[in-house]
Every structure is written in structure tokens, then in C-alpha cells.
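To keep things clear, I will list the structure first and then write my remarks on it.
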């Protein structure tokens, strides 16, 4: 019995030592990764110099973006890019939008719609013509022959609400829009990971081996130096402390309220209506959106209601796996596919009818 106990203890000690060695090895790799990644400015400068296909990794945007001249915009899509991204053709116009070329001057009889958002609005994992802003433009022009609709896709992967509103102020307003659509998803209260302070590889607070194992099975981060933009929950004080100090004002409920107040100031004086399209959001986020919409007179609708209606109408099993198979880009990527974008476009058209921006189907 003593020999058995001794062997168990020996095996346990050996296992702990092996875990310790693995933990130290991963910390060394992470430290080297951070050193190669450099500062935020260095990452953006490297991205500006890199071709579109130079970014490796599931959520890497290296080669797609460059630094912005506007402080709260931080970064933007590179203009004149042509290549593939997430296995889909990607072209940006001369002003750095994944969109067609548009003149600043608005012709008579044209109704302009600006879309603000992150990777979903951008059209992550789908062709440009399948993104909801493109689908919306096409369907509106088929429905209404009394005017021409132009949509402008200002979506950029990783953007939060503050960055989106700053983009509207400094870039989108120049096009004299008639309507603003701003998408909200659960990570809009945070900032992209590359705008966080680098983790301390000597700290005992993090178990890097556990992070590594989670990343291997698709449940965690895949690295620290990539240009990634994911925050999937409300931002608490602990998370906020991880953000580079110059970007902390963007985070949390207060950052969202401040940004939307700015959007209200910019649009109300010009008579531009604002529609908030709510995607996945927690209960506290839903309340936040409802309060902000009521305070500023913004339209607000829950996209999930339209998704639920689509699932029911088409006889799709109401299960998580069935919905993922139907609507996700891939099993490991929850961005909406072409069907998901089509649902977004249909939802926007219905909400525009409610606001009398376009006629109802039963109108004479």
C-alpha cells in the first residue's frame, strides 16, 4: 500500500512539474509574441505596409487596416485594397470603404443611408454583394422607383460605438446622409484586443496554459499580437483596467451613452433620423439601448425577432445547432452568412416602413 501511495504522489508531483514546465514555455512564447507585435502604433504601421493576404490567423486584420488621422476613429480600412479576406473577394474604394465609389455631392432625387457598425456591417466572411447594406440598397431600389437609394458601408471589424460615431462625424457626414443605421452587438462596449494593455507574462494572476488550451478548441483567444476585435460581454471595472488609458472613455455604459449623445447632437440639428439595429445583447445592454433610444428619439428594433420569424416561417428546428448551421459563416465563426445578412436587410426595410421612410406594402 505504501508503494502505491508513493507512486501516486510521485506521479502527481511529476504531473505538476510537467504543467509548470508547459506554463513557463507558453509564457516565453507569449512574451516573444508580444515583443514581435509591438505597440499599437507599430501594429497599425505594419498593417499599412502589408498586403491584404499578409494577415494570418482566424481574426487577424493585418494588411486590411491602417491608422486613422482621427483620435477616436483610431484605425480604418486601407483605400484601394484588392484581394481576398476570409476566403472572400474584398475591394475597398478610394475612400477606404468596402463599397462602390460615391461622389461627395448628392444628386437630386437620391436618398442616402449610412451604415455604421463593426465586422458584421463590414460583411465578415461574405461577398460584398451579400452584405446587408448592399442587399438593402438593391431591394430598396426595386421597391421604390420614385427616387434612387444609395447605401454607404462604414463598417470596420473591431469597431465599438465610440469609433463608429467618430467615423460618422469625421467621414460619413460629408456625404450628406438622409438616414443613419447603427448596429449594436454585445462587444460594442469594449475595444479591440490590440487596444488593450499587453498582458504581463510574469504575473501570477493568469494561467496561460489554460488560455492556450481554450484557444486550441476555439473557446479563447488565439494569440496576443494579432489585430483582433472581440469583446463579448459587458465591460466591468476589471476589464476596463486592461484597456490602454487613452481609450478607456470608449468603454462600458458610460462610453456608449457619451457616444450616442454625440450622435444625437450631430443628427438632430440636421434632421437625420437614426435607427439602432440590436443584435445579440445582454439584458443590461438591452435596457441601455432602450434608455438611449428613448432619450434621443432614435428608432430601435431587435433583429432577433426577425430571425425568429424567419426560422419559424421556413420550418427550421428551433435549436442552437440548427440556427448556427443556418446563419453562421462557419461552425467556428458566428458572423452572419448571406442568409443572416438577407434577414438584416428585410428587417431594415420593415422598420423603414414603420417610420414612413418608405411606403408600406399595402399602400396605394
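The numbers here are math on the coordinates, done by the rules we state, and not lab data. Everything numeric in this text was worked out from a predicted model, so none of it was measured. Please note: Cβ atoms are built from the backbone with ideal geometry, for glycine as well, and neighbour counts cover all protein chains shown.
Annotations for the structure displayed:
- Antiparallel DSSP beta bridges within the stretch 58-178, percent to nearest 5: 55 percent
- Altogether, the Stokes-Einstein calculation at 4 °C and 1.567 mPa s, with the Kirkwood radius of the stretch 310-364 over Cα pairs as Rh, returns a diffusion coefficient of 101 µm²/s.
- Packing-based exposure ordering (other Cβ within 10 Å, fewest first) of 143, 64, 303, 355: 355, 143, 303, 64
- nm² value of the averaged projected area, convex hull over the Cα atoms of the stretch 78-136: 4.3 nm²
- Each pair of Cα atoms in the stretch 245-364 enters the Kirkwood radius, and Stokes-Einstein at 20 °C and 1.002 mPa s then converts it into a translational diffusion coefficient of 129 µm²/s.
- Relative packing of peptides 104-112, 273-281 - highest average C-beta neighbours within 10 Å first: 273-281, 104-112
- Relative packing of 83-90, 128-135, which averages over residues the other C-beta atoms within 10 Å, highest first: 128-135, 83-90
- Rg to Rh, two decimals, where the stretch 35-181 supplies the alpha carbon set and Rh follows Kirkwood: 0.98
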